[in-house]
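Presented below is the structure to which this report refers.
Laboratory data are not the source of any read-out in this text; all were calculated from the coordinates shown. None of the values given here were measured: they were computed from a predicted structure. Cβ atoms come from the backbone with ideal geometry, glycine included; neighbour counts cover every protein chain shown.
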Amino acid sequence: MQLYCENCMKLVDGPVCPRCRSRKLRAPQNGDFCLVAEIPYMQAEMLKELFADNDIPCTERSMLGAGIIAKVGVNVGRVRLYVPYDRLDFASELYDAYFNGTPEEPPKPRELLLHHVYRHFKGGLYLVEDVAKHSETQEEYVVYRKLYGDRSLWIRPKEMFLSQVDREKYPDAMQEYRFEPVDEEHPEESE
Ligand SMILES: [Zn+2]
């Protein structure tokens with residue numbers, strides 16, 4: 001039987017939550033809100049309507065605030081949807097049927113996109129300006145600019161820039177990678 005992690009609002013298999021490493025797991029109760037899906041904002045809006053049509057209560061956690069979404073577009077944010085434990089199976093069926101067993105979205109390319117805006121997992125937006133080489137180690141560094149505050153210029157090893165979020169340190173991070181490219185406003189237009 002699966003156990004419930006209160007930190008992650010999620011059902012997990014082991015005695016330890018694989019995401020936050022918590023051992024304080026317990027048997028799920030009917031009112032516990034459980035994670036159904038982490039999906040892009042637009043898809044979440046549709047799934048919420050589907051849940052509402054089927055009388056499934058639903059709560060959500062979104063990473064970007066309304067102000068940021070107004071600025072950079074609604075296709076940027078990802079949303080986590082939660083439903084009560086006693087409705088989870090039904091909600092999961094609806095979710096699977098809705099997305100027809102296809103992946104949520106195409107796999108993200110992990111090559112670096114120059115002159116592209118990236119979102120840090122804590123929410124800040126950065127412009128990748130270029131890649132520089134360390135004179136002594138030949139290691140490649142990403143040169144990137146803060147798009148808020150003092151708009152200062154930063155460097156970070158490219159390998160680290162493209163790496164995944166440390167889940168043990170940041171169990172609640174809303175994205176898989178440390179920096180993720182922000183969708184273009186018109187992704188259907190190719191060059
Ligand atoms: Zn957890």
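Taking the average, over residues, of other Cβ atoms within 10 Å as the packing measure, peptides 161-171, 111-121 rank 111-121, 161-171 from highest down.
From the Cα gyration tensor of the range 117-181, with a ≥ b ≥ c the square roots of its eigenvalues, which class applies: rounded if a/c is under 1.5, or else prolate if a/b is larger than b/c, or else oblate?
It comes out oblate by the Cα gyration axes.
In a shell of Cβ-Cβ distance under 15 Å around Glu168, excluding Glu168 itself, what net charge do Lys and Arg (+1) and Asp and Glu (-1) give? Show your work: numbers first, answer last.
On the way: positive: Arg19, Arg21, Arg23, Arg167, Lys169, Arg178; negative: Asp166, Asp172, Glu176.
It works out to a net charge of +3.
Pairs from the table (Lys10/Lys158; Lys122/Lys146; Lys10/Lys48; Lys48/Lys169; Lys10/Lys169) lying more than 24 angstrom apart at Cα are Lys10/Lys158; Lys48/Lys169.
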